[in-house]
Amino acid sequence: MRLVLNGSGASRGKALGRARLEQPSRFLVDETRLDEADVADEMARLEQALDSARADLRALRDKLRGPLAREVAEFIDAHSLILADPEFVNGLRDLVVQGRFHASAALKMQRDSLVAVFEAMDDPYLRSRREDIEHVIGRVQGALSRESSAEERKLASRVGEILVSDTVAPSELVPLAEHGVLGFVLTAGSTLSHSAILSRSLRLPMVVGAHEALSHLQDGDLLLVDGDRGEIIVHPTAQDLAGYRQWQRDIAQQGKRLERLRTVETRTVDGKAIALHANAEINADVAQARASGAAGIGLYRTEFLFLQRKEPPGEEEQFLAYRDLVLGMGGLPVTIRTLDLGADKIDSAGLALRDEPNPALGVRGVRLSLRTPKLMRTQLRAILRTTGYGPVRVLVPMISCVEEIDTVRALLKDCARDLRSEGHEIADHFELGAMIEVPAAAIALPGMIRHLDFVSIGTNDLIQYTLAVDRNNDELAGLYDPLHPAVLRLLALVIATGHRAGRAVAMCGEMAGDTRYTALLLALGLTEFSMHPGHLLEVRETVNALDHGALRRLAPKLLRATHRERIAELVGSMRVEVTATPEPLESSLD
Ligand code: PEP
Ligand code: MG
């Protein structure tokens, strides 16, 4: 029966696919013993479920296309091998025939004992293979408990999978996408997590905070995930599917409309030029940045190079990745951020401290880099070596005091000297900037700014630290408020301080790519935005319809407002209310 589950949209778009539950152990398991007379029927159910799981895998394999097909096929083959393994299958049969367990209980017992074997292994790679067992057992459990109609099964066999889980780590996203996962439904998680950010880069819809998903869904259920509305339709009707097809047509239409903006300048109606840069995590972002006419890369998150591996990448590997990025941007400026591991960017290279009581307030970002100078030198050397290939800026995350900037600058100079003496071509001048994402850095910026060449405001963290609201805690989503007066005053302070000192001020948090805030940010004086490239054309369309001068005149009123409702009302009116009296911005910051 059709069912709608709700959460929050963390990555836009829609996907139609089969549910794949990450916790197959949550399947309903009947622990009672079978009557002797029912054993044969139960055996037949089990055999049928095993056959159906094998057929699913064969169908999945047949559908594989594209550059990753071979790697994905390897995983599918590994799963097929488990299903063909006589020890695995006979173990299940024995449990049903001799133990008189229900098939679901036999599967659970088999899973528990195999997982225990994998978990006892020292080798982390082998340990991680327990996931395969989970997926195979989940698939058979799904086949056992499948409730869907024949028609739905036919449709489901033609679509890919939607992962349903409590959470998903950023490091798991790429392999999951490569396995053909089309979207994510998470019971926990937040729209600002790094998994959500990466999911947007991979252009896969994600709904987070769908608390009931694991308890209401079965493996194999047909799902229509709507990342725009934060909604999951289970067993969609013909009408839902027609709506989905209409959405696909609308997206193509919208794409055509925005397409025209690819080569257009970003300039307000009164002629103020605004720079729109792109954030990038993976190669596809760079291609999309170029295709959308980005002014450059405003934030390259290097930590994604460090995920999913046992050892951190060496200088040469990093150099090649950064150089390709710089070359890929064809002479446009590229801002490379030094490593920001820690907190939710769990690294498999084993660099970040484990089990910190308060990871978001712990050893992350520049704090981690400065504790591991060898690692930082390696990264700075790799970045500096790209300065001969195009305009490159170095951006440092989690700066909270001027001493951190001075230390990084000294390290940079040192590395540049070494590289030059080794014969590398390094640009004479390279810019060093700080992420302004810790309130202390924003407040102390007037004293810090002359130590910096530019700043970039990281609103994702700045909001969480200013409001003491964990960006990853969906329970607090209502309190995570970009329009809080404290946030607006900090933004205005940072922008005004930077500009007064003649420094470039960019914003690279999610707020910069959200058209609901474009007018507000222009009003506060922001002229350089950096966002996911998928949002760039919409933001350009918005900027090009706004009057910069009129918005600037509204800023004092905005900064004096004390209540959220009033602020939201002012922000909402910004597109029409364009005739306020001028007033100096600084006076409202006192
Ligand atoms: C931010 O904090 O706004 C930011 C851009 O950095 P990240 O999301 O990688 O923490
Ligand atoms: Mg940040």
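What tally of residues in region 458-497 results from selecting those that are touching a helix residue (DSSP H, G or I) at 6+ places or on another chain (Cβ under 7 Å) and small (G, A, S)?
Matching residues across region 458-497 total 3.
Do we find that A360 is within 16 Å of ligand 1 (Cβ to nearest atom), more than 22 Å from E317 (Cβ to Cβ), surrounded by fewer than 22 Cβ atoms within 10 Å (Cβ to Cβ) and touching a residue at least 60 places away in the same chain (Cβ under 8 Å) in this structure?
yes
So, in region 393-418, how many residues would count as being buried (at least 20 other Cβ atoms within 10 Å of the Cβ), free of Cβ contacts under 8 Å to residues at least 40 places away in the same chain and not small (G, A, S)?
3
Out of everything in region 419-432 that is within 15 Å of F454 (Cα to Cα) and open to solvent by 10 Å² or more (accessible area, probe 1.4 Å), what residue ends up being farthest from ligand 1 (Cβ to nearest atom)? Can you show your working first?
Step one: of region 419-432, the residues within 15 Å of F454 (Cα to Cα) are 429-432.
Retained after the next criterion (residues that are open to solvent by 10 Å² or more (accessible area, probe 1.4 Å)): 429-431.
Numbers: H429: 25, F430: 21, E431: 18 Å.
So the residue we want is H429.
Go through region 433-459 and report how many residues are closer than 19 Å to E510 by Cα and open to solvent by 10 Å² or more (accessible area, probe 1.4 Å).
Summing the residues that are closer than 19 Å to E510 by Cα and open to solvent by 10 Å² or more (accessible area, probe 1.4 Å) in region 433-459 gives 2.
L380: open to solvent by 30 Å² or more (accessible area, probe 1.4 Å) and either more than 16 Å from ligand 1 (Cβ to nearest atom) or in a loop (DSSP other than H, G, I, E, B) (or both), yes or no? Give the derivation first.
Numbers: open to solvent by 30 Å² or more (accessible area, probe 1.4 Å): no; either more than 16 Å from ligand 1 (Cβ to nearest atom) or in a loop (DSSP other than H, G, I, E, B) (or both): yes.
Answer is no for this residue.
Touching an Asp or Glu at 6+ places or on another chain (Cβ under 7 Å) and in contact (Cβ under 8 Å) with a residue 24 or more places away in the chain: is that true of R381 in this structure?
Values: touching an Asp or Glu at 6+ places or on another chain (Cβ under 7 Å): yes; in contact (Cβ under 8 Å) with a residue 24 or more places away in the chain: yes.
So R381 fits the description; yes.
Considering only region 102-153, give the helices (runs of 4 or more DSSP H) lying wholly within it that have at least 2 residues that are assigned by TED's automatic domain parsing to the domain that holds L81, modelled with pLDDT under 70 and under 31 Å from the mean Cα position of the chain (by Cα). Give the derivation first.
Numbers: elements: 103-119, 124-128, 130-144.
The qualifying helices (runs of 4 or more DSSP H) are 124-128, 130-144.
Is it true that some residue in region 482-503 is crowded, with 21+ Cβ neighbours inside 10 Å, within 13 Å of ligand 1 (Cβ to nearest atom) and touching a residue at least 60 places away in the same chain (Cβ under 8 Å)?
The answer is no, given that none of the residues of region 482-503 is crowded, with 21+ Cβ neighbours inside 10 Å, within 13 Å of ligand 1 (Cβ to nearest atom) and touching a residue at least 60 places away in the same chain (Cβ under 8 Å).
Give me the residue from region 460-477 that is open to solvent by less than 50 Å² (accessible area, probe 1.4 Å) and among the acidic types (D, E) and, out of that set, farthest from ligand 2 (Cβ to nearest atom).
So, considering only residues that are open to solvent by less than 50 Å² (accessible area, probe 1.4 Å) and among the acidic types (D, E), the one farthest from ligand 2 (Cβ to nearest atom) is D474.
Conditions first: (1) within 16 Å of ligand 1 (Cβ to nearest atom); (2) open to solvent by 10 Å² or more (accessible area, probe 1.4 Å); (3) within 18 Å of A196 (Cα to Cα). G509 passes all but one, so which condition is the exception?
(2)
Quick grid of which residues meet (1) surrounded by fewer than 24 Cβ atoms within 10 Å (Cβ to Cβ); (2) within 30 Å of E134 (Cα to Cα); (3) touching a residue at least 40 places away in the same chain (Cβ under 8 Å); (4) outside the structural domain of T167 (by TED's automatic domain parsing):
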{"position": "F184", "(1), (2), (3), (4)": "no, yes, yes, no"}
{"position": "G189", "(1), (2), (3), (4)": "no, yes, yes, no"}
{"position": "L204", "(1), (2), (3), (4)": "yes, yes, yes, no"}
{"position": "S215", "(1), (2), (3), (4)": "yes, yes, yes, no"}
{"position": "Q218", "(1), (2), (3), (4)": "yes, yes, yes, no"}
{"position": "D221", "(1), (2), (3), (4)": "no, yes, yes, no"}
{"position": "H235", "(1), (2), (3), (4)": "yes, yes, yes, no"}
{"position": "Q239", "(1), (2), (3), (4)": "yes, no, no, no"}
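Given (1) in a loop (DSSP other than H, G, I, E, B); (2) modelled with pLDDT under 95; (3) farther than 29 Å from L452 by Cα, where does E569 come up short, assuming only one miss?
(1)
Condition test on R516, is it within 25 Å of the chain's Cα centre (by Cα) and open to solvent by 10 Å² or more (accessible area, probe 1.4 Å)?
Values: within 25 Å of the chain's Cα centre (by Cα): yes; open to solvent by 10 Å² or more (accessible area, probe 1.4 Å): yes.
So R516 passes the test.
Out of the residues in region 263-278 that are open to solvent by 70 Å² or more (accessible area, probe 1.4 Å) and out of contact with any strand residue (DSSP E or B) (no Cβ under 8 Å at 6 or more places or on another chain), state the one that is farthest from R290 (Cα to Cα). Explain how you work it out, then say what you get.
Here is the first cut: in region 263-278, the ones open to solvent by 70 Å² or more (accessible area, probe 1.4 Å) are 263, 265, 267, 269-270, 272.
Filter once more, keeping what is out of contact with any strand residue (DSSP E or B) (no Cβ under 8 Å at 6 or more places or on another chain): 263, 269-270, 272.
On the way: T263: 10, V269: 24, D270: 26, K272: 22 Å.
Among those that are open to solvent by 70 Å² or more (accessible area, probe 1.4 Å) and out of contact with any strand residue (DSSP E or B) (no Cβ under 8 Å at 6 or more places or on another chain), it is D270.
Among the residues of region 395-423, write down those that are of a type outside the set (S, T, N, Q) and assigned to a loop (DSSP other than H, G, I, E, B). Spell out how you get there, then give the answer.
Going through region 395-423, the residues of a type outside the set (S, T, N, Q) turn out to be 395-399, 401-406, 408-420, 422-423.
Passing the criteria: P397, M398, I399, C401, E422, G423.
The values are calculated or read from the model by the stated rules, or taken from the named source; none is laboratory data. Being a predicted model, the structure only gives us computed values, none of them experimental. Neighbour counts are summed over all protein chains in view; Cβ atoms, including those assigned to glycine, are modelled from backbone coordinates with ideal geometry. Heavy atoms of the whole protein, side chains included, go into the accessibility calculation; ligands, DNA and RNA do not. Shrake-Rupley method; radii C 1.70, N 1.55, O 1.52, S 1.80 Å.
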